[in-house]
1. Checking residue A:83 against (1) under 30 Å from residue A:37 (Cα atoms); (2) away from RNA strand B (no atom under 14 Å from the Cβ); (3) modelled with pLDDT of 95 or more: exactly one of these is not met. Which one?
2. Would you say residue A:71 is surrounded by fewer than 16 Cβ atoms within 10 Å (Cβ to Cβ) and closer than 30 Å to residue A:286 by Cβ?
3. What's the number of the condition residue A:256 fails, among (1) outside the structural domain of residue A:20 (by TED's automatic domain parsing); (2) crowded, with 22+ Cβ neighbours inside 10 Å?
4. Scanning for something surrounded by 12 or more Cβ atoms within 10 Å (Cβ to Cβ), at pLDDT below 95 and either outside the structural domain of residue A:205 (by TED's automatic domain parsing) or not in a helix (DSSP H, G or I) (or both), does segment A:116-127 turn up at least one residue?
5. Mind listing whichever residues of segment A:378-403 are crowded, with 16+ Cβ neighbours inside 10 Å and not in a loop (DSSP other than H, G, I, E, B)?
6. May I ask you to verify whether residue A:228 is under 24 Å from residue A:71 (Cα atoms), in the same structural domain as residue A:87 (by TED's automatic domain parsing) and more than 12 Å from RNA strand B (Cβ to nearest atom)?
7. Step by step: first the residues of segment A:210-225, then only those that are within 24 Å of residue A:32 (Cβ to Cβ) and crowded, with 18+ Cβ neighbours inside 10 Å, then the one that is nearest to the chain's Cα centre (by Cα). Which residue is that?
8. Out of all the residues in segment A:259-280, which are surrounded by 14 or more Cβ atoms within 10 Å (Cβ to Cβ) and more than 28 Å from residue A:245 (Cα to Cα)?
RNA sequence: GCCCCCAUCGUCUAGUGGCCUAGGACGCCGCCCUCUCACGGCGGUAGCGCGGGUUCGAAUCCCGCUGGGGGUACCA
């Protein structure tokens, strides 16, 4: 029985991050899998902050964890949520457990330093050799407390994901459970807290698998019934190495800052190592929770594919009602993300283009590049686009377009017809004819539907931009001529007129 | 070194002995739609690491190999 029968005590899972400052996407997935298990089994999700290492302990980091979890939908407001507890606050219980283990003869004091051990064994990478096992050392400052592991037999562990791994006890060294200053070490503190919080299922990353036999031995030594374990596959980068803070982009907040919607992130993360079945992928959180089964989690490592994450995000963005999309974009429409002055920004104009932009952004941060020409005094001219669109004939075309724009009815459909007609005069289809206009006005060769954009920009600003483009075209034509007259062929014309 | 985990398209996965001529999604390619780009629609590309077994039958079970990964602290 891996899960309790109906009517028996509810399961209790936990998520136990150490506050390191960033909320890792791997941690996010662990939290999500724990949360899904608890919710779906009618159990409890305990949050425990493992703050025993002073160097990994800043009060504000805890707020970061809480808010990141909140963004993922794991909220204190839910009755499933319990905590947060702080590992440091349970130090007394952990020390008492260590003393009890010593009193019971299940642990002993040791004064071997690493250097002494290496010198004695002549082996740099050896585990502890048991030197102090029978020395009967009493507690004293500087002496570590070691757990006495069995010499024979094997430790069987129940793991929902890995089939049940077996560890020969002979390979388990007498590991330290309390430091020379009496403070408990992770292996012990973690178990004592789990026992204390009556955890029934430990769902965590695969990197903890080697700790499991040691911890299970500790559970037993403490007189508690060991939990059911579930070790999730590690999340890896393109080189198939565990995602690391150093080399990879792992902070959840960085993705949110790019404009990945929390719901998309949750959906994607849930699919890393697990699938809802039925060839379905994009599903609401509640549905994912409903279908989730720890037993169905894969055991092979999973690549964190930002492209697929982005694709999911695009789906979520497009599924948003326009007003929600508009609201979601808001942070990127102001300082420090927006390249325009706050005074130039017009929410009404943005609201008008939002539906056009919605299918064109995969991450929210892309929104500014789509609409910047509407709020900037002058468009940001992409030189590649300029060179591509402003070929021979462009100046003449632009001039003709300008002429009809002066008194055309300022409405998208009419503007389109106008440019179509001018284009025909030049033997160009609309697809070709619109290009110089687009670059003159928006600075780029690709973007939102042009005529709707012009309508929103207004006649005055549109004409000013066309004039500016015409001026630049004239200037570079002169330069080219001048260069010719001077006989200095091969000298490039200035790339930009301003 | 020692311990452990893992192995289906490039990637995430479905698949639990016959339903598999191996399904879906992302990516990529092509076509359609179209004022550009997207969106959308349609089509395509591509995979069971290798070798032995077991079985009437193996992607599915067993063993070995190879290849990846994780752990190995008085960090968590």
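The values are calculated or read from the model by the stated rules, or taken from the named source; none is laboratory data. The structure presented is a predicted model; accordingly, all values stated were derived computationally and were not measured. Methodologically, a virtual Cβ is constructed for each residue, glycine included, from the backbone with ideal geometry; neighbour enumeration extends over all protein chains shown.
1. Failing condition for residue A:83: (3).
2. It is false that residue A:71 is surrounded by fewer than 16 Cβ atoms within 10 Å (Cβ to Cβ) and closer than 30 Å to residue A:286 by Cβ.
3. Condition (2) is where residue A:256 drops out.
4. yes
5. Passing the criteria: A:385, A:386, A:389, A:394, A:395, A:397, A:398, A:400, A:401, A:402.
6. In short, no.
7. A:212
8. Across segment A:259-280, the qualifying residue is only A:276.
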